[in-house]
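Have a look at the structure below before the remarks.
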Amino acid sequence: MLDATTIILTLIWGVAIGSIYVLLATGLNLIFGVMKLVNFAHGQLLMIGAYIGFTVWSIFGVNAYLAIFFAMASVAIIGILVERFSFRRVLGEEKLNEIFVSLGLILLFDNVAVLLWGEKSKRIISPFENMSVLIGELSISYDWLIAMAIVVVMLISLIFLIKKTKIGLAMRATSQRQEASMLMGINVERIYILTFAIGAAMAGAAGVLFGIIFPFNPYIGALPTIKAFAIIILGGLGSIPGAIIGGLLYGIAEQSAVIFLGGIWRNAIAFTVLIIVLIFRPKGLFGEKGE
Amino acid sequence: MFNKKQIISLKGSRKFRFLVIAIVFSSLIPLLLNDPFMIHVLTLIAIFAVYTSSWNLLANSGQGSLGHAAFLGIGGFTSSLLAINLGIPPIIGIFIGASFSAGIGFLIGLTCVRLEAWFLAMVTFGFSVIAETLVSQFDDVTHGVMGFRTPLLMPSGLPFYYFALLMAIITVIIIYLLMKSKIGLAFRALKENSSEARMIGINIAKYKLYAFVISTFFAGLAGSLYAHFLRYINVAVFSADNSFKPLMMAVIGGLGTIEGPVIGSIILVSIDSFLPNIDKYLQPVMSPLFSAVSNVGPPLRLLGLGLFLLLVVIFFPKGVASIIKRLYNYLLKQFRE
């Protein structure tokens, strides 16, 4: 069982599944970094993205990978509405309120999805269904490779946006000193909306990729949120490279647990890793020290 | 822990009058509506009042748990398995279950007390998933995957209701006295501002751990009652749904108050129990709109609950209890004039 092929395959699967989590975790981390807000309903945005991709693909016959753009745009709009009408009203108050708002949003999104699309599992079929590259004994499906490539492109554009543009500068300033950036003439509320929209759009894209690779139903949102959260705790809150490394490590850990311990450990492993890390480092693996 | 003065001061207060009225009312109401289903609902309310009060106590110390179902399940499984395997009568078993849950709560609390709000939320949620996985993994011992029939604690109907009510009253009174005591004061100081609390010499970790142990004790008690009430238990008890329920009940009822969890349990258990009755009228009206679902009732109900929760958090952060209180004061004023 423990031969080289299995190990390499586990690694590749881990990286592929990890790259979807990376997309989700980076969005969550961006929102956290700039707004100091934890959106526990982030996985629900992934789920809605998957359904929007499904609708565009199945009704209008749009190519599954082009559907990503539709999903990103729609989920970004949903994100803006969510930020404007719910999170903004409790921002900066007690942290518990953000958790309660997220829980309300989870109930809202899950059940809207049930009402609109039903509870049965759905899948988006890509044009490359059942096609794979053969390298020696390994067969890697095209969809995995395309998903990884899309994630890489999106992350590079995000890093470019943050590091090289004026908006990115404003976002970084807001994340460091919210009040000082307000004094410097940055419209902080607009930056918040933009940040939330970008984070949501990334979740939407992750949703379509998820839907191409796995079957999905309205209730899939909860676990990806938790996994994304575990990843940003591993990688350090607010750090984008941390989220990328954390996501890939996490994907590999999850796949290894499934292969070597059995399927029921798929979800528990996330928390076992998380809790062990937090016992020794209460602020996360690369988190800042002190108060 | 409690001195005589506190108990005497409790006697004269308005809260005490409300408590007496609530006790009398809740003891008499099943006699008035002598209907098995109503008694079933009332018993569930009493059990969830214990469970939600335990969650609320933890939240009062600034720790919001998203995984209280772990303790509900631990309490339920412990008490039921003890009764089946060792023949320990459930009436003792429920307290062993509660104590075992508190023991696990102590160990989990050790890791949790140093964490900030969202880390804590995640870690507690994680423990409920890990508990579910472990119970499924050791199915030979727990029989959790298929579930099993739990032994009888009290004859169902009125006896069980009065027993659950007694437990609920004791829980509420203990938590009330605790919040009035020095420990409760420390909890509130932690919640308001933990760095200031540390400055005035409160040992944060110690008090957070106290809150954890006491809260998980009552959650385990609620779990044991729940398992013996339903006469069945399986791993589904660890579901996220059960973890989120006390949170919703406490928030909707009134976070950080004594009466909030009770009001919240009344509202949510009633919604869960009575609203399904209108499904059959809802179906013909709504099904043309939502053709994808066979029964529109449950998702619509949960959707409404989500909206309700959002509205309460955004517009009435002190919950329904505060609305009732305002209404009461208003009526009192009108009446006096």
Quiz item: Is it the case that A:Ile259 is away from every other protein chain (no Cβ under 14 Å) and under 27 Å from A:Thr5 (Cα atoms)?
Solution: yes
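A quick yes/no check of all residues on (1) surrounded by 17 or more Cβ atoms within 10 Å (Cβ to Cβ); (2) at pLDDT below 90:
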site: B:Ser128; (1), (2): yes, yes
site: B:Thr133; (1), (2): yes, yes
site: B:Gln137; (1), (2): yes, yes
site: B:Val141; (1), (2): no, yes
site: B:Gly144; (1), (2): yes, yes
site: B:Pro151; (1), (2): yes, yes
site: B:Phe160; (1), (2): yes, yes
site: B:Ala168; (1), (2): yes, no
site: B:Thr171; (1), (2): yes, no
Quiz prompt | Residue check for A:Phe128: closer than 20 Å to A:Ala230 by Cα and over 17 Å from the mean Cα position of the chain (by Cα) | solution = no
Practice problem: Considering (1) within 14 Å of chain A (Cβ to nearest Cβ); (2) of a type in the set (A, V, I, L, M); (3) in contact (Cβ under 8 Å) with a residue 12 or more places away in the chain, say which one B:Leu289 fails and leave the rest. | Solution: (3)
Quiz item: If we scan the range A:82-90, do we find a residue that is in a helix (DSSP H, G or I) and within 16 Å of A:Ala205 (Cα to Cα)?
Solution: no
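Being of a type in the set (Phe, Trp, Tyr), open to solvent by 90 Å² or more (accessible area, probe 1.4 Å) and within 21 Å of the chain's Cα centre (by Cα) is the requirement here; does A:Phe160 meet it? Steps first, please.
Working: of a type in the set (Phe, Trp, Tyr): yes; open to solvent by 90 Å² or more (accessible area, probe 1.4 Å): yes; within 21 Å of the chain's Cα centre (by Cα): yes.
The answer is yes for A:Phe160.
Can you find, within the range B:94-146, the residue that is nearest to the other protein chains (Cβ to nearest Cβ) among those that are in a helix (DSSP H, G or I) and of a type in the set (Phe, Trp, Tyr)?
Once the filter is applied, the top-ranked residue is B:Trp118.
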Quiz prompt | A:Ile212 in a helix (DSSP H, G or I) and either hydroxyl-bearing (Ser, Thr, Tyr) or closer than 13 Å to A:Phe40 by Cβ (or both) | solution = no
Exercise. Considering only the range A:168-227, state which residues are among the charged types (D, E, K, R) and surrounded by fewer than 17 Cβ atoms within 10 Å (Cβ to Cβ).
Key: A:Arg172, A:Arg177, A:Glu179, A:Glu189, A:Arg190
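Going through A:Val151, A:Val90, A:Val114 one at a time, which residue ends up being buried (at least 17 other Cβ atoms within 10 Å of the Cβ), touching a Ser or Thr at 6+ places or on another chain (Cβ under 7 Å) and not polar (S, T, N, Q)? Before you say what the answer is, go through the steps one by one.
On the way: A:Val90 fails: touching a Ser or Thr at 6+ places or on another chain (Cβ under 7 Å); A:Val114 fails: touching a Ser or Thr at 6+ places or on another chain (Cβ under 7 Å).
Just a single option satisfies the conditions, and that option is A:Val151.
Has the range A:221-231 got any residue that is more than 14 Å from chain B (Cβ to nearest Cβ), part of a helix (DSSP H, G or I) and either touching an Asp or Glu at 6+ places or on another chain (Cβ under 8 Å) or within 13 Å of A:Asn29 (Cβ to Cβ) (or both)?
Kept after step one, since they are more than 14 Å from chain B (Cβ to nearest Cβ), are these residues of the range A:221-231: none.
No, the range A:221-231 contains no residue that is more than 14 Å from chain B (Cβ to nearest Cβ), part of a helix (DSSP H, G or I) and either touching an Asp or Glu at 6+ places or on another chain (Cβ under 8 Å) or within 13 Å of A:Asn29 (Cβ to Cβ) (or both).
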Quiz item: List pairs: first in the range A:249-269 and over 21 Å from B:Ala240 (Cβ atoms), second in a helix (DSSP H, G or I) and among the hydroxyl-bearing types (Ser, Thr, Tyr), Cβ under 8 Å, 6+ apart or cross-chain?
Solution: A:Gly251/A:Ser19; A:Gly251/A:Tyr21; A:Ile252/A:Thr10; A:Gln255/A:Thr10; A:Ser256/A:Thr10; A:Ile259/A:Thr6; A:Ile259/A:Thr10
Self-check item: Residues being open to solvent by 10 Å² or more (accessible area, probe 1.4 Å) and not β-branched (Val, Ile, Thr) - total across the range B:103-113
Solution: 4
Quiz item: Among the residues of the range B:190-238, which ones are closer than 18 Å to B:Leu120 by Cα, polar (S, T, N, Q) and touching a residue at least 40 places away in the same chain (Cβ under 8 Å)?
Solution: B:Ser194, B:Ser215, B:Thr216
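Hey, any hits in the range B:83-91 for a residue that's of a type in the set (Val, Ile, Thr), more than 9 Å from chain A (Cβ to nearest Cβ) and in a helix (DSSP H, G or I)? Full working, then the answer.
Narrowing the range B:83-91 to residues of a type in the set (Val, Ile, Thr): B:84, B:88, B:91.
From the residues that got through so far, the ones that are more than 9 Å from chain A (Cβ to nearest Cβ) too are B:84, B:88, B:91.
Those still in the list that are in a helix (DSSP H, G or I) too: B:84, B:91.
Yes, there is a match, as at least one residue in the range B:83-91 is of a type in the set (Val, Ile, Thr), more than 9 Å from chain A (Cβ to nearest Cβ) and in a helix (DSSP H, G or I).
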Quiz item: Do we find a residue being among the polar types (S, T, N, Q), away from every other protein chain (no Cβ under 14 Å) and over 20 Å from the mean Cα position of the chain (by Cα) anywhere in the range A:104-114?
Solution: no
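What number of residues within the range B:309-318 are in contact (Cβ under 8 Å) with a residue 40 or more places away in the chain, within 8 Å of chain A (Cβ to nearest Cβ) and outside any loop (DSSP other than H, G, I, E, B)?
Residues of the range B:309-318 that are in contact (Cβ under 8 Å) with a residue 40 or more places away in the chain, as a first pass: B:309, B:312-313, B:317-318.
From the residues that got through so far, the ones that are within 8 Å of chain A (Cβ to nearest Cβ) too are B:309, B:313, B:317.
Cutting the leftovers down to outside any loop (DSSP other than H, G, I, E, B) gives us B:309, B:313.
Residues meeting the conditions: 2.
Could you tell me whether any residue of the range B:88-95 is free of Cβ contacts under 8 Å to residues at least 40 places away in the same chain, among the aliphatic types (A, V, I, L, M) and surrounded by fewer than 19 Cβ atoms within 10 Å (Cβ to Cβ)?
Going residue by residue through the range B:88-95, those that are free of Cβ contacts under 8 Å to residues at least 40 places away in the same chain are B:88-89, B:92.
Narrowing further to those that are among the aliphatic types (A, V, I, L, M): B:88, B:92.
The next check asks that each one be surrounded by fewer than 19 Cβ atoms within 10 Å (Cβ to Cβ); those that pass are B:88, B:92.
Yes.
Could you grab me the full set of residues in the range B:174-197 that are small (Gly, Ala, Ser) and modelled with pLDDT of 80 or more? Quick ask: steps written out before the conclusion?
Taking the range B:174-197 first, the residues small (Gly, Ala, Ser) are B:181, B:184, B:186, B:189, B:194-195, B:197.
Passing the criteria: B:Ser181, B:Gly184, B:Ala186, B:Ala189.
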Self-check item: Residues of the range A:101-115 satisfying the condition of being closer than 12 Å to A:Leu45 by Cβ and of a type in the set (Gly, Ala, Ser)
Solution: A:Ser102, A:Ala113
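Going through the range B:289-299 one residue at a time, which ones are in a helix (DSSP H, G or I) and either surrounded by 20 or more Cβ atoms within 10 Å (Cβ to Cβ) or within 19 Å of the chain's Cα centre (by Cα) (or both)? Reasoning before the result, please.
Just the residues of the range B:289-299 that are in a helix (DSSP H, G or I), to begin with: B:297-299.
Residue satisfying the conditions is B:Pro299 alone.
One line per residue, one yes/no per condition, for (1) open to solvent by 30 Å² or more (accessible area, probe 1.4 Å); (2) assigned to a helix (DSSP H, G or I); (3) among the small types (Gly, Ala, Ser):
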{"residue": "B:Leu178", "(1), (2), (3)": "no, yes, no"}
{"residue": "B:Ala186", "(1), (2), (3)": "no, yes, yes"}
{"residue": "B:Arg198", "(1), (2), (3)": "yes, yes, no"}
{"residue": "B:Leu225", "(1), (2), (3)": "no, yes, no"}
Quiz item: Looking only at residues in the range A:113-144 that are assigned to a strand (DSSP E or B) and out of contact with any Asp or Glu (no Cβ under 9 Å at 6 or more places or on another chain), which one is nearest to B:Leu302 (Cα to Cα)?
Solution: A:Lys122
Exercise. Could you tell me which of the residues B:Ile200, B:Ile278, B:Ile233 is in contact with a helix residue (DSSP H, G or I) (Cβ under 6 Å, 6 or more places away or on another chain) and at pLDDT below 90?
Key: B:Ile233
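Just the residues that are of a type in the set (A, V, I, L, M, F, W, C) and either within 14 Å of chain B (Cβ to nearest Cβ) or assigned to a loop (DSSP other than H, G, I, E, B) (or both), please, taken from the range A:49-81. Don't jump to the end; show me each part of the working.
At the first step, the residues of the range A:49-81 found to be of a type in the set (A, V, I, L, M, F, W, C) are A:50, A:52, A:54, A:56-57, A:59-60, A:62, A:64, A:66-73, A:75-78, A:80-81.
Hits for the range A:49-81 are A:Phe54, A:Ile59, A:Val62, A:Ala64, A:Leu66, A:Leu81.
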Self-check item: Candidate set: the range A:20-70, residues that are open to solvent by 20 Å² or more (accessible area, probe 1.4 Å) and of a type in the set (Ser, Thr, Tyr); chosen: the one nearest to A:Gly118 (Cα to Cα)
Solution: A:Thr55
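Hey, can you tell me all the residues within the range A:201-244 that are farther than 22 Å from A:Met72 by Cβ and aromatic (Phe, Trp, Tyr)? Break it down into steps so the answer makes sense when it comes.
From the range A:201-244, those farther than 22 Å from A:Met72 by Cβ are A:219, A:226, A:230, A:233-239, A:241-242; that's our starting set.
A:Tyr219, the sole residue that qualifies.
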Quiz item: Only one of (1) open to solvent by 40 Å² or more (accessible area, probe 1.4 Å); (2) in a loop (DSSP other than H, G, I, E, B) fails for B:Ile266. Which number is that?
Solution: (2)
Practice problem: Please state which of the following conditions A:Gly238 fails to meet, knowing it meets all the rest: (1) farther than 23 Å from A:Val152 by Cβ; (2) within 14 Å of another protein chain (Cβ to nearest Cβ); (3) outside any helix (DSSP H, G or I). | Solution: (1)
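The values are calculated or read from the model by the stated rules, or taken from the named source; none is laboratory data. Note that the structure is a prediction, hence the values are computed from the model and not measured. When we count neighbours, we look across all protein chains shown, and the Cβ atoms used for this are built from the backbone with ideal geometry, even at glycine. Heavy atoms of the whole protein, side chains included, go into the accessibility calculation; ligands, DNA and RNA do not. Shrake-Rupley method; radii C 1.70, N 1.55, O 1.52, S 1.80 Å.
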